[in-house]
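Any read-out appearing in this document is the output of simple, stated calculations on the displayed coordinates, not a laboratory observation. Please read all numbers here as calculations on a predicted model, not as lab measurements. As a convention, Cβ positions derive from the backbone with ideal geometry for all residues, glycine included, and neighbour counts pool all protein chains shown.
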Amino acid sequence: MDENKKEVLKPVEEQTMTDHAQPESAPADQAVEKVNAPDDKKENEALNSFLSREQEVKKAKPSGKRKPVIILIIAVAAVAILAVLLIVLRTNSKKSVTEETPVAELSLSVNDGVHEANIALDDHGNILKNGSGSLLEYVPAQIKRIDVENQDGSFSVTAETPSGEATVYKIVGFEKYPLQAGVADEIAKHCSEINFTRIVEANANLADFGLEEPRATAKVTYTDDTSSIIHVGNEAAGAAGTYVAFGTSKDVYLVNSTDVQSFLYSVNNFISLDITDKMEDSDNAAFSKATISGSRYDDEIVLVPNKDETIEAAYLMTSPIEMPANPIEAGDIAGNIRGLYAESVVCVNPSDDQLTSYGIAKPYAQISATYPDTDITLQCSAPKDDGIVYVYNPDKNVIYSIQLAAVCWAKTGVELLMPENPMNAKLRYIDEIAFSAGDTDFTLNVKTTVEETTDDNGNNQENVTSTASYDGKELNTDDFNVFYQNIAMIKNIGAAESDGKDKVMTVTFRYTSDRSADTLTVYSGDSSKYIMEYNGKTIGTVSKTYINSLIEGADNLIAGKSVAGL
């Protein structure tokens with residue numbers, strides 16, 4: 001092959017031209033450089049002259065007089081300034097040349113309904129005028145269909161543009177799946193207008209550019225019943241772009257890699273990343289019940305919204321233990337169901353084998369939630385080393401990838417759902433407090449009054465006052481309130497490693513509402529922690545020092561002494 005036809009943007013291992021090889025007919029951009037060469041030489045000579053002058057000045061003998069020294073300083077400064085000016089002028093001169101990008105000479109035609117491009121060549125078969133240009137000029141609304149085949153398989157996109165409306169795209173065979181916004185528009189844009197940055201080679205050996213077996217081939221059909229064929233080859237060295245061939249010719253062009261990236265997509269790139277849809281109405285935001293199960297859990301965990309105003313909790317855990325749920329953990333779970341957004345689509349319409357391979361057939365975790373407007377079930381695989389899990393929505397029949405941190409229900413547990421303060425009931429709804437610790441055993445009768453008032457702005461307010469009596473004698477209100485707060489602030493500091501043995505303290509709240517009584521029992525543990533049970537179920541541990549101080553406060557309350565806050 002004639003070496004003069006080769007262009008320097010081939011892959012690195014194939015760049016064989018020497019620095020002195022020149023084509024018989026030089027491109028226009030090379031001609032411009034030759035015209036400007038004499039100017040460069042003059043600039044270099046001027047620069048060298050000033051630099052030589054600087055050296056001569058520096059070598060001059062000092063006379064010992066002040067005036068020559070000043071002249072020397074001025075001369076050196078002038079040389080430096082002028083040298084900088086010459087460099088700037090030279091840079092700007094070259095910049096003006098490179099900014100003028102030449103336009104390639106070629107003609108466009110349609111042969112048997114297929115768009116072709118014909119490069120202008122000289123009598124020796126060399127490219128007559130190289131540069132940038134366009135192989136195709138349509139608009140996305142003129143596209144009827146795009147058929148793509150690449151290393152990931154094949155897919156087809158249909159396009160329909162009703163008069164005065166936006167184009168509607170569908171993936172053939174996947175019409176029921178919502179599409180990710182913008183992706184179909186991206187490939188349509190790159191199929192309607194194809195711009196190249198330069199011609200690489202005319203009548204090339206396609207294998208040299210990865211175009212004999214291209215990474216992707218797109219056939220585009222337009223509303224005028226013509227079509228175009230775009231072949232995508234290798235990336236050029238130095239991230240200069242990507243090689244493409246157009247139509248049926250063997251001419252090779254260089255395009256920006258981003259302009260052909262969409263031809264390398266698979267169906268998964270087009271499908272919406274919405275694992276679950278957002279709620280249309282705020283009334284549908286909260287589930288009425290959520291059940292968490294899977295191989296990760298020994299027992300089902302059931303959460304429901306708290307409708308009992310007796311206790312301070314947004315959610316209740318009703319299984320495997322019945323108690324208020326930790327508000328942060330339960331809130332995260334509730335927020336990881338509706339409007340869940342994936343990092344990527346992994347598999348559409350998976351087979352049974354694919355469900356097994358992605359760890360979905362026997363899910364590591366599963367959540368089923370009931371909402372006023374819909375039921376949602378999501379299944380999750382065990383996390384990979386990088387924290388990625390696969391989430392499957394059976395209703396959409398799609399497997400997605402997402403970070404484990406984004407699906408709290410796949411990493412929760414009964415211990416995490418335990419409330420930090422298990423006896424955090426509202427005092428106004430407490431009827432009795434039964435307390436027992438060693439020789440101390442008493443029951444307080446609680447009475448609450450609610451007085452409604454109106455402030456200066458006409459707003460209704462409630463003044464709630466709770467008092468307690470023991471054995472018919474009213475206790476100091478402030479001390480009683482401190483004692484109640486000490487009970488309400490009993491803190492779960494971690495999971496218990498064993499069940500309790502020796503009973504240390506028992507507290508029971510009985511209510512004025514229909515809620516059943518709640519009992520917290522504290523058992524001996526290690527040197528610093530006691531074990532807690534809530535309504536007969538072990539829930540964690542509590543500070544030994546805190547419980548001992550609380551017992552001391554209980555004794556003081558009954559004895560009419562001051563109760564210290566903990």
Requested in this report: Could you list Glu415, Glu116 in order of exposure, starting from the residue whose Cβ has the fewest other Cβ atoms within 10 Å?
Outcome: Glu415, Glu116
Query - Label point distance in nm, Arg296-Val450, each placed 7 Å from Cα along Cα→Cβ - result: 4.1
Report summary line: With x for Gly and Pro, the residue-by-residue ³J(HN,Hα) of region 250-266, computed from phi through the Karplus equation 6.51 cos²θ - 1.76 cosθ + 1.60 at θ = phi - 60° and given in whole Hz, is 9, 6, 10, 10, 10, 10, 5, 4, 5, 6, 10, 4, 5, 6, 9, 6, 10
Query raised in the report: So between Asn203 and Glu415, what do we pick up on full extension, going 0.36 nm a residue minus the alpha carbon distance?
Result: 69.3 nm
Query raised in the report: If each of Glu213 and Asp555 carries a label point 7 Å out from its Cα toward its Cβ, how far apart are those two points in nm?
Result: 8.7
Requested in this report: Order these peptides, 343-351, 471-479, by their mean beta-carbon neighbour count within 10 angstrom, highest first.
Outcome: 343-351, 471-479
Report task. Kindly provide log₁₀ I(q)/I(0) values, in the same order as q = 0.09, 0.24 Å⁻¹, from the Debye equation applied to equal alpha-carbon scatterers of region 413-516. Result -> -0.33, -1.38
Report summary line: In region 127-207, the trypsin sites (Lys or Arg not before Pro) that sit in a DSSP loop and have at most 10 other Cβ atoms within 10 Å of their own Cβ are Lys176
Query raised in the report: When the distances between all Cα atoms of region 282-413 are binned every 5 Å from zero, what whole-number percent does each bin get?
Result: 2, 11, 21, 23, 19, 13, 7, 3, 1, 0, 0
Query raised in the report: If you take the square roots of the eigenvalues of the alpha-carbon gyration tensor of region 484-566 and sort them as a ≥ b ≥ c, do you get rounded (a/c under 1.5), prolate (a/b over b/c) or oblate?
Result: oblate
Report task. Mind jotting down the distance between the C-alpha centroids of region 179-250 and region 323-371, whole Å? Result -> 39
Requested in this report: Based on other C-beta atoms within 10 Å, arrange Met317, Met532 from fewest to most.
Outcome: Met317, Met532
Report summary line: Hydrodynamic calc, region 504-549: Kirkwood Rh from Cα pairs, then Stokes-Einstein at 10 °C with viscosity 1.306 mPa s, so D in µm² s⁻¹ is 141
Report summary line: Distance in Å, no decimals, from the C-alpha centre of region 377-397 to the one of region 446-485 is 51
Report summary line: The relative contact order of region 282-413, taking Cα pairs under 8 Å that sit 6 or more residues apart, comes to a percentage of 26
**Report entry** Stretchable slack from Ala141 to Ser288, in nm (0.36 nm times residue separation minus alpha-carbon distance)
**Finding:** 48.3 nm
Requested in this report: For region 330-343, just list the computed ³J(HN,Hα) in residue order, Karplus coefficients 6.51, -1.76 and 1.60, θ = phi - 60°, integers in Hz, with x standing in for Gly and Pro.
Outcome: 5, x, 5, 4, 4, x, 10, 10, 7, x, 7, 10, 8, 7
Query raised in the report: Going down the table (Lys307/Lys362; Lys278/Lys307; Lys307/Lys544; Lys289/Lys362), which pairs top 28 Å between alpha carbons?
Result: Lys307/Lys362; Lys307/Lys544
Query raised in the report: For Ser466, Ser319, Ser262, what's the fewest-to-most ordering of other Cβ within 10 Å of each Cβ?
Result: Ser319, Ser466, Ser262
Query raised in the report: Counting only residues 5 or more places away or on other chains, whose amide H sits under 5 Å from the amide H of Arg198 once H atoms are built in the peptide plane?
Result: Leu254
Requested in this report: Taking only the C-alpha atoms, wrap a convex hull around region 106-269 and report its volume per residue in Å³ as a whole number.
Outcome: 120
Report task. Can you tell me the alpha carbon radius of gyration of region 177-265 divided by the globular rule-of-thumb value 2.2 N^0.38 Å? Result -> 1.10
